[in-house]
1. Considering only residues that are under 22 Å from residue 204 (Cα atoms) and of a type in the set (Val, Ile, Thr), which ones fall in region 286-332?
2. Of all residues being in a loop (DSSP other than H, G, I, E, B) and not β-branched (Val, Ile, Thr) in region 323-332, which is surrounded by the most Cβ atoms within 10 Å (Cβ to Cβ)? Just the residue, please.
3. Is there a residue in region 255-269 that is small (Gly, Ala, Ser), closer than 27 Å to residue 111 by Cβ and within 19 Å of the chain's Cα centre (by Cα)?
4. Given the residues 8, 14, which is the only one that is of a type outside the set (A, V, I, L, M), in contact with a strand residue (DSSP E or B) (Cβ under 6 Å, 6 or more places away or on another chain), closer than 23 Å to residue 142 by Cα and in contact (Cβ under 8 Å) with a residue 24 or more places away in the chain?
5. Could you run through region 89-111 and say how many residues are farther than 22 Å from residue 277 by Cα and either in contact with a Ser or Thr (Cβ under 9 Å, 6 or more places away or on another chain) or within 13 Å of ligand 2 (Cβ to nearest atom) (or both)?
6. Can you tell me which residues in region 94-115 are away from ligand 1 (no atom under 12 Å from the Cβ) and on the phi < 0 side of the Ramachandran plot?
7. In this structure, does residue 217 turn out to be closer than 22 Å to residue 272 by Cα and either without any contact (Cβ under 8 Å) to a residue 24 or more places away in the chain or in the same structural domain as residue 299 (by TED's automatic domain parsing) (or both)?
Amino acid sequence: MRAAVLGTGAWGTTFATVLADAGCDVALWGRSAAVCEEIATTHRNEAYLPGIDLPATMTASTDPATVLAGADLVAIAIPSQSVRATLAPMRPLVPAHAVAVSLMKGVELSTDQRMSQVVAEVLGLPVDRVAVVSGPNLAREIAERQPTATVVASTSPETAQLVARACASATFRPYTNDDVVGVELCGAVKNIIAVAVGIAQGRGLRYNTMATIITRGLVEITRLGLALGADAETFPGLAGMGDLMATCASPASRNHSLGVHLGQGMTLDEAIAATGGTAEGVKTSRSVLELARSVGVEMPITEAVVAVLHEGLPVDELAPLLLGRPHKAERT
Ligand SMILES: NC(=O)C1=CN([C@@H]2O[C@H](COP(=O)(O)OP(=O)(O)OC[C@H]3O[C@@H](n4cnc5c(N)ncnc54)[C@H](O)[C@@H]3O)[C@@H](O)[C@H]2O)C=CC1
Ligand SMILES: O=C(CO)COP(=O)(O)O
């Protein structure tokens, strides 16, 4: 199978490696000529995956026509808010039979659309030719070939199976799921919860607080997902609890580290600069809150994160804000 991967950041480069390990013929597209040249000639991407040797068979180019020619599978790993503008000019270059795979974990700010919706719309593909890959998938660990599982979601079982076969290897195990809405919302909202956990840790709070935020975070992800038509069984799975645990526990998570920096007293701009890479939770927090309000769902942690990130709430007021809410039964 011929695969094109758009985006030479941490996840695009890593997922390209996963596909190559699984036997695909892989070409990467990136906007940086220097990064593409480095991948193609030295088989390294030092800016995003320092010290990792990439498969020598993988090619990379800034020319989308070269990368997309003959692709059976087109995987996209670009910051969510840039996907629409980046993909639009590529639409005529995507082969008519290709399947698209969204690797993003965000929600578009201007439209509140999930990434698979944006990809299908911009590339003019029916939704059953679009899949989503999401799970506890910290890029560097996967690039190091540490054992990892993921979820491949599509409304079409054939598309999900095709993508699962394309990426399955001895160290990367995909499970298929037909709940695209649930899988995508889990991936996007866990970033916001990880920012909250990071803020708490940056203030010196420890494991009880972390477990509380993760657990109540899962409650609010589930509530939003169910209101938007997701399947309840997705949330305790790899894309839900699995990814929430990995992202909230790992210092390698950009969303988590951004939260820690904020908790330690940095401004948002300072925290973004200190974190580096793409912390999707910053912008997605606003879209998710809008989505939640549109369906009348309460998301207190998301609301508190939006207040800290975008409305000037001091980090010290986050815990009192959440703990001061009216008491209620756990299962409501
Ligand atoms: N890094 C990780 O462990 C994982 C990341 N993801 C998701 O994958 C997506 C991409 O993240 P990463 O690769 O980690 O980000 P990154 O920050 O490592 O790389 C982003 C890439 O996108 C490019 N880029 C940035 N703005 C662009 C634009 N306007 N047009 C075209 N290209 C642009 C950058 O040059 C870079 O190559 C995000 O939605 C993230 O949530 C999902 C699973 C794991
Ligand atoms: O999605 C991820 C792990 O599954 C990566 O998390 P960060 O984007 O916070 O680094």
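1. Correct list: 301, 302, 305, 306, 308, 315.
2. Among them, the one singled out is 325.
3. So far as region 255-269 goes, yes, one or more of its residues are small (Gly, Ala, Ser), closer than 27 Å to residue 111 by Cβ and within 19 Å of the chain's Cα centre (by Cα).
4. After applying the criteria, what remains is 8.
5. 3
6. Initially, region 94-115 is screened for residues away from ligand 1 (no atom under 12 Å from the Cβ), giving 94-100, 109-113.
Listed by number, the residues that qualify are 94, 95, 96, 97, 98, 99, 100, 109, 110, 111, 113.
7. Working: closer than 22 Å to residue 272 by Cα: no; either without any contact (Cβ under 8 Å) to a residue 24 or more places away in the chain or in the same structural domain as residue 299 (by TED's automatic domain parsing) (or both): yes.
No.
Every residue, every condition in (1) out of contact with any Gly (no Cβ under 9 Å at 6 or more places or on another chain); (2) assigned by TED's automatic domain parsing to the domain that holds residue 97; (3) crowded, with 21+ Cβ neighbours inside 10 Å, yes or no:
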residue: 153; (1), (2), (3): no, yes, yes
residue: 158; (1), (2), (3): yes, yes, no
residue: 168; (1), (2), (3): yes, yes, no
residue: 187; (1), (2), (3): no, no, yes
residue: 191; (1), (2), (3): no, no, yes
residue: 208; (1), (2), (3): yes, no, no
residue: 223; (1), (2), (3): yes, no, no
residue: 228; (1), (2), (3): no, no, no
residue: 232; (1), (2), (3): no, no, no
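The values are calculated or read from the model by the stated rules, or taken from the named source; none is laboratory data. What you see is a predicted model, and the numbers here were worked out from it, not measured in a lab. Backbone-built Cβ (ideal geometry, glycine too); neighbour counts: all protein chains shown.
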